[in-house]
Amino acid sequence: MAVVLIAEDDEDIALILSRLLTRAGHTVRHAPDGVRALELAEAERPDVVLTDLGMPRMDGLELTRAIREHSELRDIPIVMLSGHLHPGDNAPIAAGVCSVLLKPCPNDKLREVIGDLVDLGPHGHHGADVGCPARWPVSA
Ligand SMILES: [Zn+2]
């Protein structure tokens with residue numbers, strides 16, 4: 001069983017994601033912004049982080065960079081879920097995201113990507129970055 005940290009400021013979406021991932025057998029933690037997500041990541045050491053892009057205080061790109069620069073968190077797989085990215089936008093991958101999903105994302109695709117990253121486990125995102133199978137664009 002894996003711990004998935006959801007960083008999402010929209011409570012309705014967070015609830016939907018939490019239910020979906022809980023039903024898929026994961027333990028879910030939720031943070032309403034990137035600052036809280038980073039605190040929770042330090043405390044809970046999630047197996048995967050699923051982050052929104054637009055959030056108060058610290059957005060998804062800033063959260064991703066903060067995790068990748070964190071000595072103990074930097075290898076955690078990160079998935080970005082957003083309705084505001086355009087196919088070909090390289091910013092999330094450049095920041096260190098493993099995979100990008102565009103809202104609305106089909107439930108089975110979300111489960112599949114999270115499951116794949118749980119199976120893959122921690123991996124490097126540094127330098128030549130040979131550890132990550134970044135699959136952008138992965139979209140609905
Ligand atoms: Zn990765």
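The values are calculated or read from the model by the stated rules, or taken from the named source; none is laboratory data. Keep in mind that this is a model prediction, so the values were computed, not measured. So basically every Cβ, Gly included, is an ideal-geometry build from the backbone, and we count neighbours across all protein chains shown.
Scan the range 99-111 and give yes if some residue there is at pLDDT 95 or above, within 21 Å of Ile13 (Cβ to Cβ), assigned to a strand (DSSP E or B) and of a type outside the set (Ser, Thr, Tyr), otherwise no.
No: the range 99-111 contains no residue that is at pLDDT 95 or above, within 21 Å of Ile13 (Cβ to Cβ), assigned to a strand (DSSP E or B) and of a type outside the set (Ser, Thr, Tyr).
From the list Ala66, Ala41, Ala37, pick out the single residue that is touching a residue at least 24 places away in the same chain (Cβ under 8 Å), in contact with a Ser or Thr (Cβ under 8 Å, 6 or more places away or on another chain), outside any strand (DSSP E or B) and more than 16 Å from Cys132 (Cα to Cα).
Residue meeting the stated conditions: Ala37.
Output the residue which, of all residues in the range 74-101 that are more than 13 Å from the ligand (Cβ to nearest atom) and within 21 Å of Asp33 (Cβ to Cβ), is nearest to the chain's Cα centre (by Cα).
Filtering the range 74-101 for residues that are more than 13 Å from the ligand (Cβ to nearest atom) and within 21 Å of Asp33 (Cβ to Cβ), the one nearest to the chain's Cα centre (by Cα) comes out as Leu81.
Go through Leu38, Leu50, Leu21 for me and flag whichever is surrounded by 18 or more Cβ atoms within 10 Å (Cβ to Cβ) and over 20 Å from Arg111 (Cα atoms).
Leu38
Is it the case, given these coordinates, that Asp116 is at pLDDT 70 or above, in a helix (DSSP H, G or I), within 15 Å of Val48 (Cα to Cα) and within 11 Å of the ligand (Cβ to nearest atom)?
Judged against the criteria, Asp116 is a match.
If Ile93 satisfies every condition in (1) in a loop (DSSP other than H, G, I, E, B); (2) touching a residue at least 40 places away in the same chain (Cβ under 8 Å) but one, which is the exception?
(1)
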